[in-house]
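The values are calculated or read from the model by the stated rules, or taken from the named source; none is laboratory data. Predicted, not measured: the structure shown is a model, and the values here were computed from it. Glycine also receives a Cβ, built like all others from the backbone with ideal geometry; neighbour counts cover every protein chain displayed. For the accessible areas, the whole protein counts, side chains as well, though only heavy atoms, and no ligand, DNA or RNA atoms are used. Shrake-Rupley method; radii C 1.70, N 1.55, O 1.52, S 1.80 Å.
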Amino acid sequence: MKCAIIFTVLAVLGVSSVAVAQTHNYFFGSRVPYDSLVNQTTVIQTSSFLRVKTVDVEYPLKGQRGRNITAIYVYDRLGGGRGGFASITGGGIGQNYTRIHLKTQRGNGMNFQVEIYGR
């Protein structure tokens, strides 16, 4: 009986430590030699009580000429499993444009660094 209780407590502690260490980093494509950083954007949104916030990051900016995209790296700098989520909603790898949709978890903010590499 004591072993079952100890095992249950250890299992709960193990699951909670995994949830705390979770990050929401996303890596689309891969960098190869001669790629260069063509766009770097930092997106910061404060939290709102029980609200979900969204932001779209677009490349190229108006007036810029897009380069062929080889990799998109989205770093969640909020950490602790509280960060948001990223998805590509337009263009992307192998294209000369992209739209990245960033979304917070309910009641949390976001702090993302988006890096786009291309040739």
Hey, Ile88 aliphatic (A, V, I, L, M) and open to solvent by less than 10 Å² (accessible area, probe 1.4 Å) or not: no
Could you list all residues from region 61-84 that are open to solvent by less than 40 Å² (accessible area, probe 1.4 Å), under 25 Å from Val32 (Cα atoms) and part of a loop (DSSP other than H, G, I, E, B)? Gly66
Considering region 35-63 alone, what residues qualify as being in contact with an Asp or Glu (Cβ under 6 Å, 6 or more places away or on another chain) and among the β-branched types (Val, Ile, Thr)? none
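Yes/no per residue for (1) at positive phi; (2) aliphatic (A, V, I, L, M); (3) not in a strand (DSSP E or B):
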residue	(1), (2), (3)
Arg31	no, no, yes
Thr41	no, no, no
Ala86	no, yes, no
Gly90	no, no, no
Gly94	yes, no, yes
Residue ID - surrounded by the most Cβ atoms within 10 Å (Cβ to Cβ), chosen from residues in region 96-115 that are more than 13 Å from the chain's Cα centre (by Cα) and in a strand (DSSP E or B): Thr98
If I ask for residues that are modelled with pLDDT under 95, among the aliphatic types (A, V, I, L, M) and under 17 Å from Thr70 (Cα atoms), which ones from region 1-43 would you list? Val32
Hey, can you tell me all the residues within region 34-47 that are touching a Gly at 6+ places or on another chain (Cβ under 6 Å) and open to solvent by 40 Å² or more (accessible area, probe 1.4 Å)? Gln45, Thr46, Ser47
Looking only at region 48-60, filter to residues that are of a type in the set (Val, Ile, Thr) and open to solvent by 40 Å² or more (accessible area, probe 1.4 Å); which one of those is farthest from Phe27 (Cα to Cα)? Val52
